[in-house]
Structures are given as C-alpha cells and as structure tokens.
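This is the structure I want to talk about, given as structure tokens.
The values are calculated or read from the model by the stated rules, or taken from the named source; none is laboratory data. Being a predicted model, the structure only gives us computed values, none of them experimental. Cβ atoms come from the backbone with ideal geometry, glycine included; neighbour counts cover every protein chain shown.
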Amino acid sequence: MKIMVREKSQANQEIIFMVDESAEGGVEAQALGFSIYTEADTLDELREAIRDAVNCHFEEKQRPAIVRLHLGNSGSEHYITHKPILLFSV
C-alpha cells in the first residue's frame with residue numbers, strides 16, 4: 001500500500017479572512033474557503049483569536065504561511081505571517 005504525503009502547495013500558503021463589525025458589537029472574521037469563524041471585542045483581540053482558530057483548524061505542516069485580514073467596509077488589509085518556530089509573528 002502506498003501512502004501519499006501531501007506537501008505544502010501554493011494553494012494553501014495563504015488564507016484570507018473577511019472582517020466586519022459585529023451586530024452585537026466588536027468584530028468578527030470568516031475565512032474564505034474554510035469553515036473558520038471567530039469574533040472578538042477589538043481588532044487586536046481578533047488577530048489572536050484568528051491565530052488560535054487557524055492553529056486548531058490546520059495540522060502544523062498544513063498551516064498557511066500568511067493570514068490576510070480584509071476589513072469589510074474600509075477595504076484595507078492586514079497581514080499575519082506564520083513561521084514554524086514562532087508559530088505566528090506579526
């Protein structure tokens with residue numbers, strides 16, 4: 001029996017989250033193409049919550065190297081980079 005080992009491809013080097021204000025207050029984020037959703041009171045807290053959610057969703061070898069946050073109404077983007085030793089760095 002052959003076991004296929006999937007290497008990290010270009011397709012999963014980056015994950016994009018759409019970030020919007022929550023109706024209840026705070027901010028919420030939904031990953032595009034993945035079932036990952038999280039929310040927090042502030043953008044800084046949301047970044048930490050996204051790091052935790054991405055770590056829980058992906059095996060270490062499959063984690064995206066870059067997490068991009070696309071802020072809904074403002075159109076601006078923020079980046080979180082991933083380094084295997086540090087897990088995530090900003």
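Of all residues in segment 19-56, count the ones that are farther than 13 Å from residue 67 by Cα and charged (D, E, K, R).
Looking only at that region, the number is 8.
Also, quick follow-up: Does segment 51-65 contain at least one residue that is at pLDDT below 90, touching a strand residue (DSSP E or B) at 6+ places or on another chain (Cβ under 8 Å) and in a strand (DSSP E or B)?
Within segment 51-65 (the criterion being at pLDDT below 90, touching a strand residue (DSSP E or B) at 6+ places or on another chain (Cβ under 8 Å) and in a strand (DSSP E or B)), the answer is no, since none of the residues qualifies.
Further question: Are any residues in segment 37-50 of a type in the set (Val, Ile, Thr) and part of a strand (DSSP E or B), and if so, which ones?
38 - this is the single residue of segment 37-50 that is of a type in the set (Val, Ile, Thr) and part of a strand (DSSP E or B).
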